[in-house]
Amino acid sequence: MTGAATYERHTSSRPSSAREAPEAAALREILVPSDLSPASDRAFDHARLLAEQFHSRLVLYHAVEVDDSKSVGDPPQPAREVWRRVELAAHEHMARRVAGLAVGSEIRMERTTSVHEALVAFVRARHADLTVMATHGRGGFAHLVLGSVTETVLHHARTPVLCVREPEHGVALPYRRVLVPTDLSEASRRAFPLAALLARAFDAEVLAVHAVGLRTGATSGVTDVVESRVPSEEAVLAFLQPDFAGVRVAPRVELGSAWDRITETARQDRADVIVMSTHGPDSLTDRVLGSHAERVVRHAPCPVLVV
């Protein structure tokens with residue numbers, strides 16, 4: 001249950017001198033859900049980088065969870081002052097984050113009995129071009145993917161989501177190396193426009209990774225790979241070329257499980273962000289849980305942008 005009565009708005013206008021980026025229409029608005037934690041603040045740093053690069057409007061959202069549904073719209077007198085102070089502190093925290101932004105910004109707050117439901121509803125209603133969320137680190141990401149707010153948004157938001165964790169090799173902003181997995185299918189192309197956008201904006205190198213799974217013989221137990229299934233690096237480069245014209249692309253063909261090869265390549269080559277698509281029309285239900293994409297998000301050594 002949510003209540004619109006507790007929404008608060010804080011806006012700032014974009015300076016009239018700001019130049020319109022050629023690709024500005026691709027990321028008109030970026031949404032940053034925040035639980036006011038240091039991890040959310042790190043996610044905000046990525047969102048701020050992107051917003052100022054593409055002249056996007058930045059929207060910070062925070063949901064204040066309450067136990068009693070009666071407290072959503074009109075809390076009882078004893079609780080009224082408590083909630084006022086909680087919401088004021090949250091608003092001040094986010095206001096400090098947007099202070100000094102060179103782009104338009106907005107703060108939205110909501111009192112709710114379910115952060116999951118409120119956030120998904122807000123993301124869907126807002127239609128932001130990108131949602132940026134924290135994952136709170138590798139060790140804790142299992143519970144974030146399986147049954148958390150982040151997992152709920154991945155399942156239901158139907159918009160690109162940047163899952164942010166601090167890279168193992170340290171914070172790397174702006175992005176200098178973008179890893180783009182591809183299985184050479186049309187579905188994998190869905191991630192190419194955003195990946196190319198980032199690469200052009202930050203003059204970053206694109207590392208294109210195609211993984212070929214190994215096959216173990218039923219009787220011999222010997223692991224091998226069918227030679228005809230292994231494309232050349234030139235073929236991988238040719239597949240990406242229409243979307244990445246003018247971008248430095250380093251193709252890589254790896255043997256092994258896709259998620260393992262993607263995460264290990266990201267680790268070894270110190271990728272700053274992985275941009276990948278999934279194989280479903282509107283939900284991660286059948287394409288993340290138990291899939292290569294879910295494992296990449298869980299084990300990657302850097303942020304992952306799921307398109």
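The values are calculated or read from the model by the stated rules, or taken from the named source; none is laboratory data. Keep in mind it's a predicted model, so treat the numbers as computed, not measured. Note that we place each Cβ from the backbone using ideal geometry, even for glycine, and neighbour counts take in every protein chain shown.
The rows are residues; the columns are (1) in a strand (DSSP E or B); (2) surrounded by fewer than 18 Cβ atoms within 10 Å (Cβ to Cβ).
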{"site": "175", "(1), (2)": "no, no"}
{"site": "180", "(1), (2)": "yes, no"}
{"site": "185", "(1), (2)": "no, yes"}
{"site": "189", "(1), (2)": "no, yes"}
{"site": "192", "(1), (2)": "no, no"}
{"site": "195", "(1), (2)": "no, no"}
{"site": "199", "(1), (2)": "no, no"}
{"site": "206", "(1), (2)": "yes, no"}
{"site": "209", "(1), (2)": "yes, no"}
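Looking only at region 256-307, which residues are at positive phi and modelled with pLDDT of 90 or more?
256, 270
Name the one entry in 95, 47 that is surrounded by fewer than 18 Cβ atoms within 10 Å (Cβ to Cβ), at pLDDT 95 or above and within 23 Å of the chain's Cα centre (by Cα).
On inspection, the qualifying residue turns out to be 95.
Considering only residues that are over 15 Å from residue 35 (Cα atoms), under 19 Å from the mean Cα position of the chain (by Cα) and assigned to a strand (DSSP E or B), which ones fall in region 106-137?
Passing the criteria: only 130.
Give the residues of region 139-197 that are small (Gly, Ala, Ser), over 22 Å from residue 301 (Cβ atoms) and modelled with pLDDT of 95 or more, sorted by residue number.
196
Just checking, does region 222-234 include any residue being in contact with a strand residue (DSSP E or B) (Cβ under 7 Å, 6 or more places away or on another chain), at pLDDT 90 or above, farther than 25 Å from residue 54 by Cβ and surrounded by 12 or more Cβ atoms within 10 Å (Cβ to Cβ)?
Yes; the residues of region 222-234 include at least one that is in contact with a strand residue (DSSP E or B) (Cβ under 7 Å, 6 or more places away or on another chain), at pLDDT 90 or above, farther than 25 Å from residue 54 by Cβ and surrounded by 12 or more Cβ atoms within 10 Å (Cβ to Cβ).
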